[in-house]
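Down below is the structure, laid out as structure tokens.
Each reported figure results from applying straightforward, stated rules to the coordinates on display, with no laboratory input. Computed from a prediction, not measured in an experiment: that's the story for all the values here. Note: ideal-geometry Cβ built from the backbone for every residue, glycine included; neighbour counts use all protein chains shown.
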Amino acid sequence: MQDLPRPDPDPVVQAYKKDIDRTLIRENLKLTVEERFRKAMALAQFAEELRRAAERPASAGVTDFDALLTTLWRHDVAFIVVGGAAAIAHGSARFT
């Protein structure tokens with residue numbers, strides 16, 4: 001059987017591919033299918049826990065930062081705090 005010529009690569013796809021980090025895909029492909037599903041389920045559970053923490057108000061209209069930050073810490077998430085919450089953490093007496 002004769003090899004067919006390969007089609008020319010799509011220039012749009014090639015333009016996007018150069019900026020894509022494939023590290024996570026490669027790492028996930030090292031896992032078994034079961035491990036991938038377990039990882040996905042753990043991520044979904046974390047997302048739900050984070051959503052609930054963000055919705056739980058400490059008082060009307062104010063985010064419960066204790067619940068939110070505790071959830072992030074418990075899941076070893078690297079994060080930064082910005083805006084008014086960061087200003088308060090640095091000693092500001094003003095709310096934004």
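Per-structure values
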quantity	calculated
Of [x] 44, 20, 12; [y] 21, 14, 13; [z] 29, 26, 13, the label for semi-axes √(5λ) of the Cα gyration tensor in Å derived from the coordinates	[x]
Residues with amide H under 5 Å from that of D64, placed H, sequence gap 5 or more	R56, A58
Length-normalised contact order of the chain in % [C-alpha pairs under 8 Å, at least 6 apart]	12 percent
Exposed-loop-free span, longest in the chain, where chymotrypsin sites (Phe, Trp or Tyr not before Pro) count as exposed if DSSP calls them loop and at most 15 other C-beta atoms lie within 10 Å	1-78
Residue-averaged 222 nm ellipticity for the chain, from DSSP H runs of 4+ at -39500 (n - 2.57), nearest 500	-17000 deg cm²/dmol
